[in-house]
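Encoded as structure tokens, the structure appears first; notes follow it.
The values are calculated or read from the model by the stated rules, or taken from the named source; none is laboratory data. Just so you know, these numbers come straight off a predicted model, no measurement behind them. Neighbour counts are summed over all protein chains in view; Cβ atoms, including those assigned to glycine, are modelled from backbone coordinates with ideal geometry. All accessible areas refer to the heavy atoms of the entire protein, side chains included, with ligands and DNA or RNA removed. Shrake-Rupley method; radii C 1.70, N 1.55, O 1.52, S 1.80 Å.
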Amino acid sequence: MPGWYGGGGPIRVEHGLKARTRRGSIGSTWWSRRFIDILERICDKGRLTRGRAYARQGQVLSIDLSAGEVRAAVQGSRRQPYAVVVRIEAYDERRWTAVEESIAAQAVYRAKLLAGEMPPEIEELFAAMGLDLFPRDLDMDCSCPDWGFPCKHLSAVLYLLAESFDDDPFLVLAWRGRTREQLLGSLADEPATAGLSVTDVPFADRLADFYAPGATAHRPERRPTPAAPDLLLRVFPPPGDLTRPLTRAYQGFADA
């Protein structure tokens, strides 16, 4: 039907959201590429190609991500922008509490997340709990009349979403229902590093014997500092109600 799409190409947008990558694939980190791989497996390649063009032209007007949902506006060939919605399952408090406890039990994962990094192993951690970090399927909808699925408007939003994951990996978790502030606040409250401290000695104070092999008479005597009897329990909290009896046992060993 002539005029069904409002004309030939899309109406140009001056201040839309544009993909940074001008050619080739979109997504530079392992987590954004993981999301792109899922898209390219479940979506029509031709429409994804047109979606990349829309993303690079700046046809997406806005993207708003919240728990379980992404809403966006995309300017097509009609005067009224199209409304796009992409939904996934957001996990409830019970499952997120279990995830956070599992992360806190892995010192490396916890440290990387507190440093703002997304450890690759976190996907396996979710899978071990019967959960998906990245969606297997996407519940998607666009107000355009395009018969294809996903349409180029949806595809453009998905590519820009992947690029936003490059900038902030915590958006992946926020989409599942846990914001950066919530997750890091919970991990920071965990007692996994309680009692651990490292006294730093300025390099200038160590310069005289920095290259000396082994222990020498010039080095000050270093007396070992006894560790707290319950240090191991504070670093790796035992399950259930074992903390109190084990603490008494460790104290008994220290006093013996």
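Structure notes:
- Histogrammed with a bin width of 5 Å, the alpha carbon distances of the range 54-131 distribute as 3, 12, 16, 15, 14, 11, 11, 10, 6, 2, 0 percent, first bin at zero.
- Residue-wise HN-Hα coupling along the range 154-165, computed from phi with Karplus coefficients 6.51, -1.76, 1.60 (Hz; x: Gly, Pro): 4, 4, 4, 5, 5, 5, 5, 5, 4, 5, 5, 5
- Value of Rg to Rh for the range 1-94, rounded to two decimals, is 1.01; Kirkwood radius and Rg both from alpha-carbon coordinates.
- From the largest down, the range 53-202 spans 64, 40, 20 angstrom on the principal axes of its Cα atoms.
- Solvent-accessible area per residue in the range 74-148 equals 52 Å², computed with a 1.4 angstrom probe and all protein chains kept.
- Between Ala188 and Leu131, the C-beta separation translates, for a Förster distance of 30 Å, into a calculated FRET efficiency of about 0.85.
- The mean sequence separation of alpha-carbon pairs under 8 Å and at least six residues apart, normalised by the residue count of the range 1-153, gives a relative contact order of 28 percent.
- Sorted from greatest to least, the principal axis extents spanned by the alpha carbons of the range 93-165 come out as 50, 24, 19 Å.
- Heavy-atom accessible surface of the range 1-111: percent carbon and sulfur, 1.4 Å: 51 percent
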